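The values are calculated or read from the model by the stated rules, or taken from the named source; none is laboratory data. Note that this is a predicted model, so its numbers are computed, not measured. Don't worry about glycine lacking a Cβ; one is built from the backbone with ideal geometry, like all the others, and counts go over all protein chains shown.
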Amino acid sequence: MGLRIGYRFLIFAILAKFSIGYQKYAQPIKLSQPEKDGTYAFDMVIARKLTMSFHNDNVYLHGTPVDYDPKTMQWSKRDPDQTVDCFANYAMNPNTNPQDASAMEDILTYDGLHKRVLAVNGIRQSYLILAFPETVTFSSFSAPSFLKSPAHRPGKGENLNRYLLHHTAKKRDSHISVPGLPIVVPYNASVLLRVRNKVLMDSLSIHVHGIDKHGMWFMDGDWATEWGVNAWENLDDKTMKWMYGFDNFTQCWQPTRTIDGGNVGGAVPISSILVNDKGWWNQDDMLNRPHNLPLERFNINENESVLLRVINGGVAQELMFYVEGHNMTIVGADGDEVVPMPINKLIIFPGERYDVLIHGLPNPTKKIYYIQMETLQYWNWNWTVSPTTYGFAFLEYENPSLPIDTTPPHVSDPACTSANLCTVLNCPFAKYPFKNITCVPYNALGFPYPEQIDPEILQDKAFNSGFEEHFINMHYDSHMDNFMFQFPTGIPYYHSDNLDLISTNCSTVNCPKDAVKYDRNCRCFYYKKHKLGNIVQLTIYNMGNGGGMGTGYAHPIHIHGTHFYVMKVGWPTYNASGFIDKMNPDMACPGDTADCDLIGWADNSWNNGAVQGMNTKNPSRRDTVTLPVGGYIVIRFRALNPGWWFAHCHLELHLMGGTGWAYKVGDDDQIYMPPDNFPKDCGVFILDKLPDLRLPNGSTTSQTTRSTTFQTTGGTVSQTTGGTTPQSTGITTSESPISLQLATIWCHFIICLLSIMLI
């Protein structure tokens with residue numbers, strides 16, 4: 001007899017923006033309906049839209065700006081008449097006026113300001129969610145481990161609420177899209193995404209987090225192995241993320257650091273933290289009257305469990321997340337299950353996804369509890385203390401008899417005391433020197449089914465064959481082993497015999513070993529090769545020049561085309577104040593001012609896979625993890641997915657600066673070929689001579705030599721090709737045989753994140 005469980009799932013997206021037209025409450029996700037052939041097909045139309053405005057009251061889609069007053073909690077709309085005062089507005093009454101109610105359905109609140117964003121289908125960025133149906137019998141599927149545990153399994157007749165929570169730190173000058181409706185399909189469903197790019201002058205690409213796309217490297221959407229969708233073009237089967245805008249703030253460069261002295265990977269000032277595209281630009285309002293703001297709300301009942309898929313879709317900022325007065329349990333990460341881990345708080349970096357189980361209180365004392373997000377920045381660039389930026393959402397009990405408490409939030413969390421330290425998962429440093437917090441590293445998460453792990457992944461003795469070991473230094477905010485990754489101008493698969501035609505060879509660039517940060521001579525197409533079927537061990541470290549206190553960054557690393565196992569994390573040493581003191585001694589790096597590119601283990605007995613201290617029992621499976629400043633990570637995967645893939649820091653400014661690498665799995669004859677009608681050369685058009693002029697009837701004219709005469713009198717123009725020069729008293733120009741090389745390089749690189757929810 002199968003276990004039958006009914007549940008809802010809410011998505012909590014912490015960007016720094018979010019909403020679906022305006023709705024007060026987050027909606028539980030629902031299973032989509034397939035087409036007649038069983039395929040789940042979705043249209044994604046990407047176009048620009050103005051936030052805090054509605055466009056659905058006229059056929060021309062002209063926007064009418066709206067405003068919201070936190071003190072009066074009143075929505076108002078601007079007068080669209082261009083002859084009246086610019087700020088003339090009228091109160092909106094959506095509860096009594098049908099036109100106002102319709103207008104509210106089209107409003108993207110964002111951070112309460114008026115900004116142009118990229119929207120999907122007129123609303124938000126879409127997410128692909130692979131899930132069980134609304135009610136499922138787990139006789140044919142393996143029930144998730146956290147549901148198997150009696151402590152976490154819903155009781156008879158009990159629902160598990162499912163929500164998406166997407167959050168980002170919204171930058172004042174950033175390029176972010178507005179999220180769209182979740183795409184919910186059964187596990188193993190066939191999904192077709194029809195992308196329509198209606199953004200003038202910008203290309204885009206669609207990358208799906210959490211799906212390795214076995215064999216379909218040409219549909220991965222990373223710009224290193226596949227071209228994007230140009231303006232007003234269409235592409236079938238893909239996914240999306242990002243916005244473009246500018247605000248006239250007084251300081252557009254605002255770098256900060258975390259408490260260990262590592263740099264925060266985004267120097268653009270934060271405007272707001274958004275939860276499901278709802279936030280507010282004014283921190284005074286946020287901290288003193290958050291209940292008056294149009295923020296996201298999640299429903300819950302007493303003794304009920306709510307599952308939040310927490311996503312950081314931000315450009316640069318890591319954020320700390322917790323729910324006031326409630327226990328949390330981590331049950332999944334990056335779409336894979338983990339052994340359930342109770343925690344008090346969670347730190348989440350851009351690109352990461354965590355499944356968090358929230359346990360409803362048996363006897364709540366109030367109706368609404370805070371869901372709090374805060375930045376980890378602590379030091380300004382000049383080592384003065386930097387203010388923390390906060391964002392909020394609400395966990396609201398549906399019981400109408402509970403009192404509503406609008407007391408401003410206690411941002412320091414009084415539950416964390418010296419006698420009762422709070423546990424925080426995923427700190428970018430080994431310990432918090434204050435705040436009554438104990439850091440739990442992400443490598444403490446375990447995979448619940450160790451018997452399913454490839455035994456060679458767990459091997460801790462030296463390999464004799466079938467094994468590759470690579471060391472990669474990810475230092476500064478732009479360098480990989482001293483190089484700065486440069487995207488090719490064509491698809492590498494079609495140029496395997498002559499990659500130099502479409503890319504810069506790293507072995508030929510004038511990049512000195514002591515190259516300084518941002519040395520443009522170090523730009524090249526940096527890539528690795530992996531033999532199909534091998535166990536690949538990557539030791540990625542952050543050391544030496546650009547990897548110490550005040551120079552290094554904690555990098556969230558995302559690898560396309562495979563999930564990997566987290567075998568080990570090595571931390572630096574810290575002084576009594578919590579600052580980074582020395583590089584981790586396991587690596588042969590003498591210090592934070594040394595050149596530590598292309599180094600290896602300090603102890604040679606660790607070579608060939610015999611690394612001491614690895615988790616060889618149940619390492620978690622991830623696709624995005626954080627590399628600490630002054631430390632290293634060891635990850636492993638079996639190279640079973642042939643093709644060209646991409647790996648990079650998920651701090652978008654770092655990615656654009658050069659912090660990434662491509663990798664090729666398998667030989668050319670082992671890589672699956674793209675469809676015949678797939679674009680074969682999207683960035684390079686090469687001519688070694690002037691082309692012959694061809695007509696549809698098959699006739700050809702050679703252009704070995706061409707002379708053209710323009711008659712300046714009489715109003716006529718005569719032209720002769722093929723080497724004959726006409727007699728004329730006009731102006732003559734001649735062209736000799738020449739060699740032309742035309743290369744088109746995209747001028748806007750938009751990484752588009754589609755978070756994949758795996759339940």
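Residue by residue, here is whether (1) in contact with an Asp or Glu (Cβ under 7 Å, 6 or more places away or on another chain); (2) touching a residue at least 40 places away in the same chain (Cβ under 8 Å) holds:
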site	(1), (2)
W75	no, no
C86	no, no
N93	yes, no
S102	no, yes
Y110	yes, yes
K115	no, yes
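Of the residues contained in segment 342-359, none is found to be crowded, with 21+ Cβ neighbours inside 10 Å, within 25 Å of Y378 (Cβ to Cβ) and free of Cβ contacts under 8 Å to residues at least 40 places away in the same chain.
Which one of these is of a type outside the set (K, R) and surrounded by fewer than 19 Cβ atoms within 10 Å (Cβ to Cβ): T616, T624, T659?
One residue alone meets the criteria, T616.
For segment 540-548, indicate whether the set of residues that are surrounded by fewer than 21 Cβ atoms within 10 Å (Cβ to Cβ), assigned to a loop (DSSP other than H, G, I, E, B), in contact (Cβ under 8 Å) with a residue 40 or more places away in the chain and of a type outside the set (D, E) is non-empty.
Checked against the condition, which is being surrounded by fewer than 21 Cβ atoms within 10 Å (Cβ to Cβ), assigned to a loop (DSSP other than H, G, I, E, B), in contact (Cβ under 8 Å) with a residue 40 or more places away in the chain and of a type outside the set (D, E), segment 540-548 yields no hits at all.
K680 falls short on exactly one of the conditions (1) touching a helix residue (DSSP H, G or I) at 6+ places or on another chain (Cβ under 6 Å); (2) in the same structural domain as K517 (by TED's automatic domain parsing), and that condition is (2). Checking each residue in segment 622-672 for being in a loop (DSSP other than H, G, I, E, B) and among the charged types (D, E, K, R) picks out D623, D667.
Going by the conditions given, is Y553 surrounded by fewer than 24 Cβ atoms within 10 Å (Cβ to Cβ), under 30 Å from W379 (Cβ atoms) and either of a type in the set (D, E, K, R) or assigned by TED's automatic domain parsing to the domain that holds P512 (or both)?
On the way: surrounded by fewer than 24 Cβ atoms within 10 Å (Cβ to Cβ): no; under 30 Å from W379 (Cβ atoms): yes; either of a type in the set (D, E, K, R) or assigned by TED's automatic domain parsing to the domain that holds P512 (or both): yes.
Answer is no for this residue.
Remark: pairs (first residue in segment 466-477, outside any strand (DSSP E or B); second residue modelled with pLDDT of 95 or more; Cβ separation under 8 Å; 6+ apart in sequence or on different chains) = G466/E456; G466/G533; G466/N534; G466/I535. Of the residues G613, G578, G657, the single one that is under 26 Å from F349 (Cα atoms), among the small types (G, A, S) and touching a Pro at 6+ places or on another chain (Cβ under 8 Å) is G578.
For segment 524-539, a residue qualifies if it is among the aliphatic types (A, V, I, L, M) and either surrounded by 21 or more Cβ atoms within 10 Å (Cβ to Cβ) or assigned to a strand (DSSP E or B) (or both), and the qualifying residues are I535, V536, L538.
Residues in segment 70-87 that are at negative phi and surrounded by 12 or more Cβ atoms within 10 Å (Cβ to Cβ): P70, Q74, W75, S76, K77, R78, D79, P80.
Scanning segment 594-650 for residues that are at pLDDT 95 or above, under 21 Å from G466 (Cβ atoms), out of contact with any His (no Cβ under 6 Å at 6 or more places or on another chain) and of a type in the set (G, A, S) yields G600, S605, G609, A610. Just need a number here: residues in segment 360-386 that are in contact (Cβ under 8 Å) with a residue 40 or more places away in the chain, surrounded by fewer than 17 Cβ atoms within 10 Å (Cβ to Cβ) and assigned to a strand (DSSP E or B). Residues in segment 360-386 being in contact (Cβ under 8 Å) with a residue 40 or more places away in the chain, surrounded by fewer than 17 Cβ atoms within 10 Å (Cβ to Cβ) and assigned to a strand (DSSP E or B): 1 in total. In segment 511-522, the count of residues that are surrounded by fewer than 20 Cβ atoms within 10 Å (Cβ to Cβ), touching a residue at least 24 places away in the same chain (Cβ under 8 Å), in the same structural domain as G657 (by TED's automatic domain parsing) and not in a loop (DSSP other than H, G, I, E, B) is one or more.
So, A430, is that one out of contact with any Lys or Arg (no Cβ under 6 Å at 6 or more places or on another chain), part of a loop (DSSP other than H, G, I, E, B) and surrounded by 15 or more Cβ atoms within 10 Å (Cβ to Cβ) or not? In short, yes.
Looking only at segment 261-287, how many residues end up being at pLDDT 90 or above and either part of a loop (DSSP other than H, G, I, E, B) or of a type in the set (D, E) (or both)? The number of residues fulfilling the criteria is 6.
The residues listed here are V339, V323, V275; of these, the one that is hydrophobic (A, V, I, L, M, F, W, C) and surrounded by fewer than 20 Cβ atoms within 10 Å (Cβ to Cβ) is V339.
Filtering segment 582-604 for residues that are under 30 Å from C427 (Cβ atoms), of a type in the set (K, R) and surrounded by fewer than 24 Cβ atoms within 10 Å (Cβ to Cβ) leaves a non-empty set.
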